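As structure tokens, the structure follows; a few thoughts come after it.
The values are calculated or read from the model by the stated rules, or taken from the named source; none is laboratory data. Every value quoted in this text rests on a predicted model; they were computed, and no experiment measured them. Note that each Cβ is placed from the backbone with ideal geometry, even for glycine, and that neighbours are counted across all protein chains shown.
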Amino acid sequence: MRPALSKRVGAELLGTFWLVFGGCGSAIFAAKYFAAPGALETQGTELGIGFVGVSLAFGLTVITMAYAVGHVSGGHFNPAVTLGLWAAGRFDNPRDVAAYIGSQVVGGLLAGAALWGLAKSAKGSGSMVGQMSANGYAEHSPGGYSMWAVLLAEVLLTAFFLFVILGVTTSHAPVGFAPLAIGLCLALIHLISIPISNTSVNPARSTAVAFFNGDGAPGQLWLFWVAPILGAVIAGFTFEAITGIDRSGEDVTGRSAA
């Protein structure tokens, strides 16, 4: 029997909170970290986890929460994933889509608030503007990539993310390994695109920190809703045509979608 909607949206809120807190938290606190001035034997040594560590952190949040609550809600943790699954006919009740997306956004914002509070405390009373791992393009892209480059990257990467999710949650795939494949795919996506956009592929993740970050992030947030949703819906509508696998009408709830 499928869990009640209240249980499923609670699981989505919890999972999205963990994704943002673990993924963005690793970028804010641990991506670049030097030894404390008093530690003479390591003073000036770079101890941060860098791009690879942040990429793994995002992947690990998905793996751990997909195993923890994927059997309750399907483990979407991402509005684009929810809409991509709907487009593929893998979401049993379309009326639940809004509840899923709302819980994901709320969970992300709660994590963003927690991260902002922790970061502000650690850095004293200084401003956190521009220091909250927000997504961006042009002058707010880590590598200075244009709006169109970021748009293309986010569409393509989210589409491939959904192709992986749809593929590993069919009966053709080995049972029990879906969260691993999905988490590793998300880590790979981050390895590719952190320099491009700080990596979104998840509107809830982008929204979670944009307003706490400021520095142009709220004004650019539209792209990180439009591009991931567009990529996910394209994948959802084309998965059967490309793979020949028709699983429309098969709800992913309880099968760890993402």
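Can you tell me which residue within region 166-203, out of those that are at pLDDT below 90 and of a type in the set (S, T, N, Q), is nearest to residue 23 (Cα to Cα)? The qualifying residue nearest to residue 23 (Cα to Cα) is 169. Of the residues making up region 163-190, those that are touching a Leu at 6+ places or on another chain (Cβ under 8 Å) and aliphatic (A, V, I, L, M) are 165, 166, 187, 189. For region 106-117, the set of residues classified as in contact with a Gly (Cβ under 8 Å, 6 or more places away or on another chain) and over 19 Å from residue 9 (Cβ atoms) consists of 115 only.
Can you spot a residue in region 106-123 that is part of a loop (DSSP other than H, G, I, E, B), of a type in the set (A, V, I, L, M, F, W, C) and surrounded by 20 or more Cβ atoms within 10 Å (Cβ to Cβ)? Checking region 106-123: not a single residue is part of a loop (DSSP other than H, G, I, E, B), of a type in the set (A, V, I, L, M, F, W, C) and surrounded by 20 or more Cβ atoms within 10 Å (Cβ to Cβ).
Scanning region 69-93 for residues that are surrounded by fewer than 24 Cβ atoms within 10 Å (Cβ to Cβ) and in contact with a Lys or Arg (Cβ under 7 Å, 6 or more places away or on another chain) yields a single hit, 72. Checked against the criterion of being at pLDDT 95 or above, closer than 28 Å to residue 230 by Cβ and surrounded by 13 or more Cβ atoms within 10 Å (Cβ to Cβ), region 41-52 has no qualifying residue. Taken over region 137-152, the criterion of being buried (at least 19 other Cβ atoms within 10 Å of the Cβ), out of contact with any Leu (no Cβ under 9 Å at 6 or more places or on another chain) and in contact (Cβ under 8 Å) with a residue 60 or more places away in the chain is satisfied by 140 alone.
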